[in-house]
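Encoded as structure tokens, the structure appears first; notes follow it.
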Amino acid sequence: MVISDNGSVDEYFVRLRNCASLHSKVPLLERTQTEFGSFGKREALNVLVHHIDTRFGLILDADCLPLMFGWNAILFA
């Protein structure tokens with residue numbers, strides 16, 4: 001798992017950093033977004049893709065809500 005922050009408000013970034021620090025193998029990329037809208041998302045994904053060192057990568061937005069228990073087992077079956 002890799003987490004990329006796109007310039008959250010300081011209070012939220014501190015909370016995110018605290019959560020990430022609980023897991024030594026979860027890097028948190030602190031960055032400031034220079035573009036907006038879909039261009040900003042593209043910018044963040046371009047940074048994240050260079051941190052994927054597995055055969056597959058899965059991108060989830062912060063508001064992602066899996067609607068079925070075990071979705072990941074089905075996906076990778």
- Query: Out of all the residues in region 31-55, which are touching a residue at least 12 places away in the same chain (Cβ under 8 Å), assigned to a loop (DSSP other than H, G, I, E, B) and more than 11 Å from ASN6 (Cβ to Cβ)?
  - Reply: ILE52
- Go through region 10-26 and give me each residue that's loosely packed, with under 13 Cβ neighbours inside 10 Å and either within 17 Å of ASP63 (Cα to Cα) or touching a residue at least 12 places away in the same chain (Cβ under 8 Å) (or both). TYR12, ARG15, CYS19, HIS23, LYS25, VAL26
- Task: Give the residue that is modelled with the lowest pLDDT, with candidates limited to residues of region 27-38 that are surrounded by 11 or more Cβ atoms within 10 Å (Cβ to Cβ) and over 22 Å from ASP53 (Cβ atoms).
- Result: GLN33
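The values are calculated or read from the model by the stated rules, or taken from the named source; none is laboratory data. Remember, predicted model here, so these are calculated numbers, not experimental data. Cβ atoms come from the backbone with ideal geometry, glycine included; neighbour counts cover every protein chain shown.
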